[in-house]
Amino acid sequence: MAKDYFSDFSPKCMSFGGAFLSLSIAVFTYILLPLSGISLLTAIGPEITAAMGEDTIDFSMLLDQIAMYLRNLMVYSIPLIVLSIFVGLYEKGSYARIPFKFVSCLYLAVVLLMFTKGGMLDLTIDGSTLGPEIGDIVIVLEIKAFIYILAIISALKGFLAFAEFSDNRKKYLERSAKKFNKKDKKRAKWFVYEDSDETPRKKKKKKKVEEDDEYYDEE
């Protein structure tokens, strides 16, 4: 058991293609999508304000604050991007995948709570445009129920890493066995060539000598 556990962390069991794919998905989800949202909010804010007229709420200020929450999401998600490399690096059914998958899901739950401040979004609006006697208007969006449900689902997905391991362990061992058998065959073939007089280089040299001998015999 312990031997299998540590052997799964071997570089031979790593899938660099899987790591790249997992990293790409994480970068798209936690960096590119928020950046797109920030660009959209920054662009449409002034246009909405201009379309509504002067005596209205400054939507640019409102949307900029929402964009700030998206920036916080990007910052808090950096560890998730790093963890995604290791989640993809080890295949489903590997002992090595479990801790990274488990920690990644739990941390995602924490990120959901951190970047939304526990499901309470504070937005400040400049009310002076509505009247000189009106100061700043603070709007609190309470989305606790929604955020906590998402956080609980994310945390539960961390425990599903163990179920994922059980379901895919047999297939993983079969794939690993085939992979290692191919490597062992290549290695054995190379050693046979090394120990034999008929290595590819020696064969080429022998063939050249035989051709030279035939040439001189003809003369």
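So which of Arg97, Arg71 ends up being among the basic types (Lys, Arg), within 27 Å of the chain's Cα centre (by Cα), open to solvent by 60 Å² or more (accessible area, probe 1.4 Å) and at pLDDT 90 or above?
Of Arg97, Arg71, the one residue that is among the basic types (Lys, Arg), within 27 Å of the chain's Cα centre (by Cα), open to solvent by 60 Å² or more (accessible area, probe 1.4 Å) and at pLDDT 90 or above is Arg71.
Please specify each residue of segment 153-167 satisfying the condition of being of a type outside the set (Phe, Trp, Tyr) and in contact with a helix residue (DSSP H, G or I) (Cβ under 9 Å, 6 or more places away or on another chain).
Ile153, Ser154, Ala155, Leu156, Lys157, Gly158, Leu160, Ala161, Glu164
What are the residue pairs meeting all of these: first residue in segment 37-60, first residue at pLDDT 75 or above, second residue of a type in the set (Val, Ile, Thr), Cβ atoms under 6 Å, and 6 or more apart or on different chains?
The qualifying pairs are Leu41/Ile66; Ser60/Thr49.
I need every pair where a residue in segment 98-109 that is farther than 17 Å from Ile25 by Cβ and touching a residue at least 40 places away in the same chain (Cβ under 8 Å) has its Cβ under 8 Å from the Cβ of a residue that is of a type in the set (Val, Ile, Thr) and open to solvent by 20 Å² or more (accessible area, probe 1.4 Å), sequence separation at least 6 or different chains.
As it stands, the answer is Ala109/Ile152, since those pairs meet every condition given.
When the residues of segment 151-176 are filtered to those that are surrounded by fewer than 17 Cβ atoms within 10 Å (Cβ to Cβ) and among the aliphatic types (A, V, I, L, M), which remaining residue is modelled with the lowest pLDDT?
That would be Leu173.
The values are calculated or read from the model by the stated rules, or taken from the named source; none is laboratory data. Just so it is clear, the model here is predicted, and its values are computed rather than measured. Using ideal geometry, Cβ is built from the backbone for each residue, glycine included, and neighbour counts are taken over all protein chains shown. When the accessible area is computed, the model is the full protein with side chains, heavy atoms only, and any ligands, DNA or RNA have been set aside. Shrake-Rupley method; radii C 1.70, N 1.55, O 1.52, S 1.80 Å.
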